[in-house]
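Beneath this line is the structure, given in structure tokens, with notes to follow.
The values are calculated or read from the model by the stated rules, or taken from the named source; none is laboratory data. Everything numeric in this text was worked out from a predicted model, so none of it was measured. When we count neighbours, we look across all protein chains shown, and the Cβ atoms used for this are built from the backbone with ideal geometry, even at glycine. Quick note on the areas: whole protein, heavy atoms, side chains included, nothing else; ligands and nucleic acids left out. Shrake-Rupley method; radii C 1.70, N 1.55, O 1.52, S 1.80 Å.
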Amino acid sequence: MTDWSSQGLRRIFMRDHSRDIIPAMEDLISLFDCDDCLRLNDGLAAAILDLRDEDYARRSHWFQGRYENLYIDVARLPGLELILQTGLSKAATRLAMPEKELKLGFWLNIMRKGDVTTLHRHDDDDELLSAVYYVQADEHSALFRLHAQGKVKEVIPVAGRFMFFDPALPHEVLPQRADQARISIGINFGPAIE
């Protein structure tokens with residue numbers, strides 16, 4: 001397995017229900033804090049929050065009064081291309097594959113106070129790796145909850161951070177507690193098909 005520490009990746013620490021901090025299983029989840037991406041977040045968040053329903057190419061996963069997945073053309077949002085390219089590069093490293101052999105799909109997730117993202121997985125098609133990038137999150141933002149190996153673990157979202165994980169892991173997002181919207185970009189990486 002590739003040593004991500006030289007790539008700026010760190011072992012993540014997650015909380016179990018007892019609120020003890022426990023190290024995650026390295027093969028299931030990894031973090032990367034992207035300073036170049038973080039500098040883009042304020043402008044990107046403002047542009048995302050200015051979008052109207054008709055600006056989206058598609059919306060899906062209508063649960064509990066909102067669309068969980070919002071799809072948009074990459075050119076519509078400033079800085080999005082750099083964030084996605086960074087994610088692709090790190091995914092290629094994680095998977096020990098050349099970038100040109102990978103493709104990605106992405107969507108936005110905007111959670112306002114009280115919103116949740118329902119339990120799901122990303123292994124429906126040819127996904128090899130999944131990720132989330134946090135555009136806007138603060139200390140009161142909703143926790144990302146993973147269900148793995150008979151345990152439930154919660155991950156604290158941090159703006160400017162990528163979290164890579166196995167697409168077969170069931171996961172959800174707990175209710176958004178903050179007044180400020182929690183904005184993330186979901187990404188799936190799969191094999192490029194010529």
(message) Tell me whether region 160-177 contains one or more residues that are within 16 Å of residue 31 (Cβ to Cβ) and open to solvent by 30 Å² or more (accessible area, probe 1.4 Å).
(response) yes
(message) Return the residues of region 15-40 that are modelled with pLDDT of 85 or more and of a type in the set (S, T, N, Q); say none if nothing qualifies.
(response) 30
(message) I need the full set of residues from region 167-194 which are within 20 Å of residue 128 (Cα to Cα) and touching a Gly at 6+ places or on another chain (Cβ under 7 Å), in order please.
(response) 187, 188
(request) Go through (1) crowded, with 18+ Cβ neighbours inside 10 Å; (2) part of a helix (DSSP H, G or I) one by one and return the number of the condition residue 100 breaks. (result) (1)
(message) For the structure I just gave you, tell me whether residue 191 is surrounded by fewer than 21 Cβ atoms within 10 Å (Cβ to Cβ) and touching a helix residue (DSSP H, G or I) at 6+ places or on another chain (Cβ under 8 Å).
(response) yes
(message) I need a count of the residues in region 81-91 that are surrounded by fewer than 18 Cβ atoms within 10 Å (Cβ to Cβ) and of a type in the set (Gly, Ala, Ser).
(response) 1
(message) If a residue counts only when it is among the hydrophobic types (A, V, I, L, M, F, W, C) and under 18 Å from residue 60 (Cα atoms), which strands (runs of 3 or more DSSP E) contained entirely in region 105-191 have at least 3 such residues?
(response) 182-191
(request) Select from region 27-58 the residues that are part of a helix (DSSP H, G or I), touching a residue at least 60 places away in the same chain (Cβ under 8 Å) and either within 14 Å of residue 109 (Cα to Cα) or not polar (S, T, N, Q) (or both) and list them in ascending order. (result) 35, 37, 38, 44, 45, 48, 49
(request) Could you list all residues from region 141-161 that are closer than 26 Å to residue 74 by Cα and in contact with an Asp or Glu (Cβ under 8 Å, 6 or more places away or on another chain)? (result) 142, 144, 158, 159, 160, 161
(request) Could you look through region 103-119, keep only residues that are exposed (fewer than 13 other Cβ atoms within 10 Å of the Cβ) and within 15 Å of the chain's Cα centre (by Cα), and pick out the one that is nearest to residue 136 (Cα to Cα)? (result) 118
(message) Can you go through 76, 66 and tell me which one is under 24 Å from residue 118 (Cα atoms), among the charged types (D, E, K, R) and over 17 Å from the mean Cα position of the chain (by Cα)?
(response) 66
